[in-house]
Amino acid sequence: MVCFTEVKLKVVQFLPSLEPGITATLALEFANELVKKGHESLVISTGGPLEARFRLHGSDFISFPKISESIWSLRHKSRLRKILAGLQPDIVHTYGRSTAFLAWHALKSESVATRPKLVPLVDQYFSNSYFNKGLLAGDGVIATSYGIAKYLKNASIKFSENPIEVIYRGINVREFDREKPVASQWQLKLLNSYPQLEGKNWWLMPSEISANGGQEEFLHMLAQAAVQRDDVHGVVVGALVENDLRYLKKLEGLAQGLGLGGRVTFLGERQDMRELYATSQLVFHLASEKNESAKYSREALAMGRPVIAYSDGCTGEVLEKYFPDGLVQRGNMKSLIEKSLGLVNRPNSLNPEEFSYSASAEKAIVFFQKLLN
């Protein structure tokens, strides 16, 4: 039996920039895992603050002009083709539709027998336009949820025969270590800033704050649950999408109208999520079913927290496999309230390594090997 991971790979990751964020961080962690496992890692990008970290951990960096999400990006096609011809990689792994579009055009005239395999990462739903065809034109695709994989299968008759591998995004399990205690200084500082949290049962709602983020459903649920438990306190965490202060004011007004004055706290975007998970009793994901990140839910599960989420979407997929007790049908407020009150202080027994960068990388490497064979 062939062990695909024994064959060493030369992998190029092609992404728009190396600015700190989800995309570049995922690429960095995957690059690190490739090097650890003895494979050759190269990165093509316009660069950014994370460039030094790629180099530090053994990846080669190739500078490339900034490309826009438009047909005009094709002016860089010949340059990319020349770079790839010189590198001779086994795999070109793209992030985002602009890189997939350009890589597709750069490689499509090359011999299938000799050119590298093109593998786009697809992490969101997209319109069926010409510019998005690069996401469908790879030799295989990595999708970040089964929902996206199904969407891809239905998006193109031609594509329906191409292999799709579903790999959930990895998380830093060293950072989200449930065994590490929370520093008393952190707790003291938080309670000094938000004294209304002291002695309360924290229900954490982490998500981008927007009309699709699920905060409105959370507030309605919290108002009804608080009638039955007077120690409940909602903690809303997340960045404000497009700095929409009007929507934040709407949420604050809704909280007041529901009688939640003093029972819910908006913390904004935070860098101390590990500590917030560790000190919360419940974590919620109530965003739109098209929200594909499921990032907060995987982090919370890794931290041993019970997570409550709607059964559709990527988070629903994750919970169905790892914590089915937290699933609720979308729109069923009664079930959402009952589930929340029933799961307070009930830790899960999930092995956090299931969500690690290493586990995700291993699945991607095996998929690459299958494509080459």
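The values are calculated or read from the model by the stated rules, or taken from the named source; none is laboratory data. As the structure is a prediction and not an experimental result, all values here were calculated from the model. Ideal geometry is used to build each Cβ from the backbone, glycine not excepted, and the neighbour counts take in all protein chains shown. We work out accessible area using only protein heavy atoms, side chains counted, and drop any ligands, DNA or RNA first. Shrake-Rupley method; radii C 1.70, N 1.55, O 1.52, S 1.80 Å.
Scanning region 239-277 for residues that are at positive phi and touching a helix residue (DSSP H, G or I) at 6+ places or on another chain (Cβ under 8 Å) yields GLY259, GLY262. With respect to (1) more than 19 Å from the chain's Cα centre (by Cα); (2) open to solvent by 10 Å² or more (accessible area, probe 1.4 Å); (3) modelled with pLDDT of 90 or more, the lone exception for GLU362 is condition (1).
Of all residues in region 210-233, how many are open to solvent by less than 10 Å² (accessible area, probe 1.4 Å) and farther than 18 Å from LYS334 by Cα? Summing the residues that are open to solvent by less than 10 Å² (accessible area, probe 1.4 Å) and farther than 18 Å from LYS334 by Cα in region 210-233 gives 2. Please work out if LEU327 is free of Cβ contacts under 8 Å to residues at least 60 places away in the same chain and of a type in the set (A, V, I, L, M). Answer is yes for this residue.
When the helices (runs of 4 or more DSSP H) confined to region 288-361 are screened for residues that are under 20 Å from GLN124 (Cβ atoms), those reaching at least 3 such residues are found at 295-302, 313-322. One residue stands out in region 70-116 among those that are assigned to a helix (DSSP H, G or I) and among the hydroxyl-bearing types (Ser, Thr, Tyr): the one that is surrounded by the most Cβ atoms within 10 Å (Cβ to Cβ), namely THR99. Consider only pairs whose beta carbons are under 6 Å apart and that are at least six residues apart or on different chains; among these, list those whose first residue lies in region 43-64 and is at positive phi and whose second residue is open to solvent by 60 Å² or more (accessible area, probe 1.4 Å). Hits for this filter: GLY47/SER63; GLY48/GLU19.
Being farther than 24 Å from VAL318 by Cα and either surrounded by fewer than 17 Cβ atoms within 10 Å (Cβ to Cβ) or at pLDDT 90 or above (or both) is the filter here; which residues of region 134-159 pass it? Selection gives ASP139, SER156, ILE157, LYS158. Scanning region 181-209 for residues that are part of a loop (DSSP other than H, G, I, E, B), more than 23 Å from GLY316 (Cβ to Cβ) and either open to solvent by less than 70 Å² (accessible area, probe 1.4 Å) or in contact (Cβ under 8 Å) with a residue 24 or more places away in the chain (or both) gives VAL182, ALA183, TYR194, GLY199, LYS200. Does GLY257 satisfy being open to solvent by 10 Å² or more (accessible area, probe 1.4 Å) and not hydrophobic (A, V, I, L, M, F, W, C)? The answer is yes for GLY257. Against the test of being at pLDDT 95 or above and either more than 23 Å from the chain's Cα centre (by Cα) or part of a helix (DSSP H, G or I) (or both), the options LEU28, LEU42 yield a single qualifying residue, LEU28. Number of residues in region 274-287 that are closer than 25 Å to GLY342 by Cβ and either part of a loop (DSSP other than H, G, I, E, B) or open to solvent by 10 Å² or more (accessible area, probe 1.4 Å) (or both) equals 7.
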